[in-house]
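Asker: Below is the structure I would like to discuss, written out as structure tokens.
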Amino acid sequence: MTTNDAKSATKPAIDKKALLAKYIAERDKRLRADGNAQYLQIAGRFAHYLEDPYTPRVERAPKTDHVRFAFVGGGFAGLVTGARLVEAGIDDVRIIEKGGDFGGTWYWNRYPGAQCDTASMIYMPLLEETGHVPTEKYAHAPEILAQCQRIGRQYKLYDNALFHTEIEEMSWDDENARWVIQTNRGDRFTADFVGLGTGPLHVPKLPGIPGIESFEGHSFHTSRWDYDYTGGDPKGAPLEKLADKRVAIIGTGATSVQCVPHLARACGTLYVVQRTPSSVDVRANAPIDPEWFSSIATPGWQLRWLENFTDTQSGAMPEVDLVQDGWTDLSRRIREKIMQLPPEEMTPQKMLAAFEDSDFEKMEEIRARVDSIVKDSEAAQKLKAWYRQLCKRPCFHDAYLQAFNEPGTHLVDTDGKGVERITPKGFVVAGVEYEVDCIIYASGFEVGTEYKRRAGFDLTGRGGLKLSEAWADGMRSLHGIHVHGFPNAFFVQPTQGANLISNVPHNLTDSGRTIALTVKETLARGCREVEVTKEAQDSWVELLLTGAGRMTGSPDCTPGYYNNEGLAPSPAARLSVGYPAGASAYFKYIDAWRRSGGFKGLAFR
Ligand code: NDP
């Protein structure tokens with residue numbers, strides 16, 4: 001008997017049929033006809049939920065000048081593209097950012113306990129270039145924000161940046177071959193080239209719970225944490241002002257999982273209000289030993305780590321797994337299951353079944369972990385996630401489940417229905433009113449809403465073509481970067497490129513390289529315009545459609561932002577995919593594209 005046989009002999013067999021039936025019953029409980037419309041857009045009387053609690057707004061004169069490159073968004077996308085442009089000798093870069101500093105996600109999300117979910121060594125961009133040594137396997141938010149600021153300083157991106165500024169209009173001026181940019185601060189300036197890195201999850205949303213406007217206590221969204229009210233700070237100082245407070249946190253997604261342990265320690269009473277439990281696996285964070293780091297940090301180390309991680313995610317089998325985290329563990333398990341198949345059974349159906357088996361096993365382990373940690377068996381039952389792991393964002397934490405053992409912390413499970421009502425004094429679930437002093441909305445960010453609503457403006461390209469028109473039937477691009485009809489504009493995001501969701505920054509740093517090279521080439525040729533040809537864009541989209549489709553977001557999953565809240569996906573969603581051969585293959589392909597020097601698919605004028 002092999003070790004594997006011995007292990008499987010001791011494990012009870014999984015009743016897959018019963019599990020699937022349970023998954024479907026749990027999903028059905030949560031399906032609702034209003035999908036994304038269930039959420040409130042934060043505007044009008046709710047606009048105060050968007051105010052920046054971190055940086056005071058500074059008055060300044062409007063800009064009316066011309067820059068070489070204007071970039072919308074000062075998160076990772078803008079920073080890494082800006083850095084690559086500066087490295088390529090293009091240093092007249094202006095980043096326009098609605099927050100008060102660089103950082104994007106990490107500017108806004110300063111809730112206690114915020115940390116990256118993908119290992120710092122590959123998640124934090126430009127570590128090798130800046131020389132920063134991450135302090136932990138999964139760095140906390142202040143360190144990631146500091147890395148953003150470090151990039152900003154090192155590449156002198158602060159000099160020309162416009163903070164607390166939102167684009168109102170960005171249109172292509174065909175006659176002068178340049179972009180005209182107008183903002184909410186009265187700016188009207190021009191740029192030869194523009195980049196867009198507005199990020200997928202930056203517009204907070206509120207649950208559309210009846211009575212939400214009637215609450216008379218204090219409330220805020222997790223992405224605008226009110227430390228004046230809670231006490232403490234983003235570095236983890238205790239939230240001392242909550243000691244005598246009754247607090248409710250609504251939502252149990254990745255954000256809530258990270259901040260609940262801090263709230264549980266601090267609050268007089270904490271209600272964690274749950275609609276769907278998250279799957280919460282082991283985190284195993286650890287400090288990074290600087291001595292160990294210097295032993296591995298030989299030139300090119302970060303790219304080697306990035307490629308090694310991407311290989312594990314793309315089904316390749318690197319000899320060593322450098323990153324060793326929850327994501328690579330998941331891939332390793334799937335691969336091992338598939339490798340156990342006898343050669344004659346290596347059919348797509350059997351491989352899919354092996355994939356499913358490994359998912360069932362993983363989720364059973366995650367559910368068993370709840371029982372082993374949470375002492376109250378009723379709460380433990382309710383904290384178990386009944387869906388396949390990639391139906392929702394997998395979470396990893398070593399203190400979240402433990403928080404439910406704190407005497408002042410109570411799970412209020414809504415049995416998939418959500419909060420019934422908010423009253424002046426608190427909230428109602430299953431007819432019971434819970435009185436609270438403060439409600440914290442951990443209710444996430446807009447995903448399925450229109451691109452122009454999330455970006456805040458609709459890009460106007462050649463001949464007045466709006467981006468919303470160009471993408472009316474779904475996104476169309478070459479490499480996810482260039483869009484026909486929008487010359488000298490570059491999109492920095494994963495879709496239609498590598499689409500590596502488990503490590504988004506890798507997609508962005510790589511696109512930064514392509515953009516810097518393309519701009520440099522345009523200038524070197526003495527050209528004023530670069531644009532993808534319609535033919536090249538069409539054939540790229542055709543190639544994308546030969547793939548297996550989206551990996552996440554199956555409609556049979558429990559509802560969430562991965563699957564359009566459980567409603568049938570819009571026809572446009574079929575184009576929200578990546579390179580059919582996978583992320584590793586994409587990075588190799590695009591590297592060869594860049595090296596060839598042919599700029600295939602682009603027209604220079
Ligand atoms: P999510 O959208 O994941 O979670 C929102 C939560 O609010 C869900 O639990 C949802 O329940 C709940 N909710 C919505 N409406 C109601 C209602 N009416 N009553 C009760 N509960 C309700 O937002 P997060 O901010 O947690 O995370 C968003 C994304 O941000 C993550 O998926 C991840 O991609 C990213 N993130 C990454 C982190 C990292 O990398 N370290 C950390 C935090 C976030 P239901 O599930 O039923 O819809």
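Asker: I'd like the full set of residues that are out of contact with any Phe, Trp or Tyr (no Cβ under 7 Å at 6 or more places or on another chain) and part of a loop (DSSP other than H, G, I, E, B), limited to the stretch 391-407.
Answerer: Scanning the stretch 391-407 gives ARG393, PRO394, HIS397, ASP398, ALA399, PHE404, ASN405, GLU406, PRO407.
Asker: Let me ask something else. Name the single residue that is surrounded by the fewest Cβ atoms within 10 Å (Cβ to Cβ) among those in the stretch 333-355 being within 25 Å of the chain's Cα centre (by Cα) and over 30 Å from PHE404 (Cβ atoms).
Answerer: Ranking the qualifying residues of the stretch 333-355, first place goes to PHE355.
Asker: Here's something else I'd like to know. Quick check on THR81: is it closer than 17 Å to PRO494 by Cα and among the hydroxyl-bearing types (Ser, Thr, Tyr)?
Answerer: When the stated conditions are applied, THR81 passes them.
Asker: Do we find a residue being within 26 Å of GLY456 (Cα to Cα) and outside any helix (DSSP H, G or I) anywhere in the stretch 76-91?
Answerer: no
Asker: When the stretch 251-290 is examined, which residues are found to be β-branched (Val, Ile, Thr) and within 17 Å of ILE439 (Cα to Cα)?
Answerer: Result: THR252, THR255, VAL257, VAL260, THR269, VAL272, VAL273.
Asker: All but one of (1) assigned to a strand (DSSP E or B); (2) within 14 Å of the ligand (Cβ to nearest atom) hold for HIS410, so report the exception by its number.
Answerer: Looking at each condition in turn, HIS410 falls short on (2).
Asker: Tell me which residues, restricted to the stretch 449-466, are under 22 Å from ASN36 (Cα atoms) and not polar (S, T, N, Q).
Answerer: GLU450, TYR451, LYS452, ARG453, ARG454, ALA455, GLY456, PHE457, ASP458
Asker: Now for a separate question. Restricting to the stretch 249-266, and then to whatever is part of a loop (DSSP other than H, G, I, E, B) and farther than 15 Å from SER219 by Cα, can you tell me which residue is nearest to the ligand (Cβ to nearest atom)?
Answerer: Applying the filter and picking the extreme gives GLY253.
Asker: Give just the number: which of (1) under 24 Å from GLY444 (Cα atoms); (2) assigned to a helix (DSSP H, G or I); (3) touching a Ser or Thr at 6+ places or on another chain (Cβ under 6 Å) does GLY100 not satisfy?
Answerer: The number of the failed condition is (2).
Asker: If you don't mind, another one. Looking at the stretch 26-37, can you tell me whether even one residue there is more than 24 Å from TYR441 (Cα to Cα), of a type outside the set (D, E, K, R) and touching a helix residue (DSSP H, G or I) at 6+ places or on another chain (Cβ under 9 Å)?
Answerer: Taking every residue of the stretch 26-37 in turn, none turns out to be more than 24 Å from TYR441 (Cα to Cα), of a type outside the set (D, E, K, R) and touching a helix residue (DSSP H, G or I) at 6+ places or on another chain (Cβ under 9 Å).
Asker: With the requirement that a residue be among the polar types (S, T, N, Q) and either away from the ligand (no atom under 13 Å from the Cβ) or modelled with pLDDT under 95 (or both), what does the stretch 210-248 give you?
Answerer: SER214, SER219, THR230
Asker: Right, next: Any residue at all in the stretch 146-168 that's more than 29 Å from LYS452 (Cβ to Cβ), within 15 Å of the ligand (Cβ to nearest atom) and either among the charged types (D, E, K, R) or modelled with pLDDT under 95 (or both)?
Answerer: no
Asker: Within the stretch 249-273, which residues are buried (at least 24 other Cβ atoms within 10 Å of the Cβ) and polar (S, T, N, Q)?
Answerer: THR252, THR255, SER256, GLN258
Asker: Further question on the same structure: Take THR269 and decide whether it is touching a strand residue (DSSP E or B) at 6+ places or on another chain (Cβ under 9 Å), within 30 Å of LYS29 (Cα to Cα), more than 14 Å from the ligand (Cβ to nearest atom) and touching a residue at least 24 places away in the same chain (Cβ under 8 Å).
Answerer: yes
Asker: Has the stretch 292-310 got at least one residue that is acidic (Asp, Glu), surrounded by 17 or more Cβ atoms within 10 Å (Cβ to Cβ) and either closer than 24 Å to PRO238 by Cα or modelled with pLDDT of 95 or more (or both)?
Answerer: Looking through the stretch 292-310, at least one residue is acidic (Asp, Glu), surrounded by 17 or more Cβ atoms within 10 Å (Cβ to Cβ) and either closer than 24 Å to PRO238 by Cα or modelled with pLDDT of 95 or more (or both).
Asker: Is it the case, given these coordinates, that THR190 is more than 23 Å from the chain's Cα centre (by Cα), closer than 30 Å to HIS66 by Cβ and more than 13 Å from the ligand (Cβ to nearest atom)? Can you show your working first?
Answerer: Working: more than 23 Å from the chain's Cα centre (by Cα): yes; closer than 30 Å to HIS66 by Cβ: yes; more than 13 Å from the ligand (Cβ to nearest atom): yes.
Yes: the conditions hold for THR190.
Asker: Select, from GLY547, GLY597, GLY566, the only residue that is within 16 Å of the ligand (Cβ to nearest atom) and either surrounded by 15 or more Cβ atoms within 10 Å (Cβ to Cβ) or more than 30 Å from GLY35 (Cα to Cα) (or both).
Answerer: Exactly one of GLY547, GLY597, GLY566 is within 16 Å of the ligand (Cβ to nearest atom) and either surrounded by 15 or more Cβ atoms within 10 Å (Cβ to Cβ) or more than 30 Å from GLY35 (Cα to Cα) (or both), namely GLY566.
Asker: Those residues that are in contact with a Leu (Cβ under 8 Å, 6 or more places away or on another chain) and under 26 Å from ALA119 (Cβ atoms), I need them from the stretch 266-305; list them, please.
Answerer: PRO277, VAL280, GLN302, ARG304, TRP305 - these are the residues of the stretch 266-305 that are in contact with a Leu (Cβ under 8 Å, 6 or more places away or on another chain) and under 26 Å from ALA119 (Cβ atoms).
Asker: Looking only at the stretch 234-248, count every residue that is in contact (Cβ under 8 Å) with a residue 60 or more places away in the chain and either of a type outside the set (A, V, I, L, M, F, W, C) or out of contact with any Cys (no Cβ under 7 Å at 6 or more places or on another chain) (or both) and tell me the total.
Answerer: Selection size over the stretch 234-248: 7.
Asker: Check ALA592, ALA585, ALA524 and return the single one that is under 19 Å from SER502 (Cβ atoms) and surrounded by fewer than 18 Cβ atoms within 10 Å (Cβ to Cβ). Before the answer, list the steps.
Answerer: Values: ALA592 fails: under 19 Å from SER502 (Cβ atoms); ALA524 fails: under 19 Å from SER502 (Cβ atoms).
Being under 19 Å from SER502 (Cβ atoms) and surrounded by fewer than 18 Cβ atoms within 10 Å (Cβ to Cβ) holds for just one of ALA592, ALA585, ALA524, which is ALA585.
Asker: Let me ask another. Report yes if some residue within the stretch 89-109 is free of Cβ contacts under 8 Å to residues at least 40 places away in the same chain and either within 15 Å of the ligand (Cβ to nearest atom) or in contact with a Leu (Cβ under 9 Å, 6 or more places away or on another chain) (or both); otherwise report no.
Answerer: Looking through the stretch 89-109, none of the residues is free of Cβ contacts under 8 Å to residues at least 40 places away in the same chain and either within 15 Å of the ligand (Cβ to nearest atom) or in contact with a Leu (Cβ under 9 Å, 6 or more places away or on another chain) (or both).
Asker: While we're looking at this one, here's another question. Only one of CYS527, CYS557 is assigned to a loop (DSSP other than H, G, I, E, B) and within 14 Å of the ligand (Cβ to nearest atom). Can you tell me which?
Answerer: Criteria check complete, one pass: CYS557.
Asker: Taking strands (runs of 3 or more DSSP E) that do not extend beyond the stretch 141-224, which have at least 1 residues that are polar (S, T, N, Q)?
Answerer: Hits in the stretch 141-224: 167-173, 178-183, 188-196, 218-221.
Asker: Turning to a different aspect of this structure: Could you please tell me which pairs satisfy a Cβ distance under 6 Å, a separation of 6+ or placement on different chains, a first residue in the stretch 210-230 that is crowded, with 20+ Cβ neighbours inside 10 Å, and a second residue that is among the hydrophobic types (A, V, I, L, M, F, W, C) and in a loop (DSSP other than H, G, I, E, B)?
Answerer: Listed by first residue and then by second, the contacts come to THR222/ALA442; THR230/LEU239.
Asker: Identify the residue in the stretch 427-476 that is assigned to a strand (DSSP E or B) and within 14 Å of the ligand (Cβ to nearest atom) and, among all such residues, is surrounded by the most Cβ atoms within 10 Å (Cβ to Cβ).
Answerer: Filtering first and then ranking leaves ILE440.
Asker: Take SER278 and decide whether it is touching a helix residue (DSSP H, G or I) at 6+ places or on another chain (Cβ under 9 Å), of a type in the set (S, T, N, Q), closer than 26 Å to SER372 by Cα and not in a loop (DSSP other than H, G, I, E, B).
Answerer: No.
The values are calculated or read from the model by the stated rules, or taken from the named source; none is laboratory data. All figures in this text were calculated on a predicted structure; none of them were measured in a lab. With ideal geometry, Cβ positions are generated from the backbone for all residues, glycine too; neighbour counts draw on all protein chains shown.
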